[in-house]
Amino acid sequence: MKTTKLLAQCALLLSLALVLSYMERFFPLQMLIPLPGIKLGLANIVTLVALQCMGSGSAVIILILRCILGAVFGGGITGLAFSLTGGLFAVAVMILVSRLRIFSIYGVSILGAAAHNIGQIGAAMVLMQTVYIAAYLPWLLAVCLVTGFATGAMAAGVLRVVKKTQTDSAF
């Protein structure tokens, strides 16, 4: 019974992450911050909630499946390389810093956003076979302070609601 419940929760969170990732395309963030490829990282809300409520294993599985299905539905193999590299690096950092218990959900989110950017720049350097792409990293890291904080605030709101409504049928 417990395995079925966990599977259903993971499937629900995976679906939500895919929807958030798709919806993110309609937010014109580049009008505010004119940098190519800038996103809020809304699907990271799901990763943070899964990490806090279900543990690191479920969070990693949800992230990997979201990246793969996102690539199948429209990202392509290059998109998969970028999202999987950035996502795995981000979730690894978030798992590590959440275990240290010195950062709030905001800090975990900001560090995860920074790690995601570092992972994606690393993937870009390998795919494009140049180190010059790393010059873009300081700009991304500056923006991740804002986007990571915003994502952390949304995840904190979700976690407050989950804790208030926690019953046998909730997380």
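Is there a residue being surrounded by fewer than 21 Cβ atoms within 10 Å (Cβ to Cβ) and either free of Cβ contacts under 8 Å to residues at least 12 places away in the same chain or outside any helix (DSSP H, G or I) (or both) anywhere in region 107-119? No. Of everything in region 22-58 that is closer than 23 Å to I121 by Cβ and of a type in the set (G, A, S), the residue that is surrounded by the fewest Cβ atoms within 10 Å (Cβ to Cβ) is G37.
In region 120-141, the qualifying residues are those that are farther than 17 Å from F89 by Cβ and part of a helix (DSSP H, G or I), and the one that is farthest from the chain's Cα centre (by Cα) is Y132. Scan region 15-43 and report the pairs whose first residue is closer than 21 Å to F149 by Cβ and whose second residue is of a type in the set (F, W, Y), with Cβ atoms within less than 6 Å and a gap of 6+ or a chain change. Filtered contacts from region 15-43: L35/W139.
Scanning region 1-28 for residues that are within 17 Å of S56 (Cα to Cα) and of a type in the set (A, V, I, L, M, F, W, C) gives L6, L7, A8, C10, A11, L12, L13, L14, A17.
All of T147, T165 fail the test of being hydroxyl-bearing (S, T, Y) and touching a residue at least 12 places away in the same chain (Cβ under 8 Å), apart from T147.
None of the figures in this text is laboratory data; all of them are computed from the coordinates on show. Small disclaimer: the values here were computed from a predicted structure and weren't measured. Note: ideal-geometry Cβ built from the backbone for every residue, glycine included; neighbour counts use all protein chains shown.
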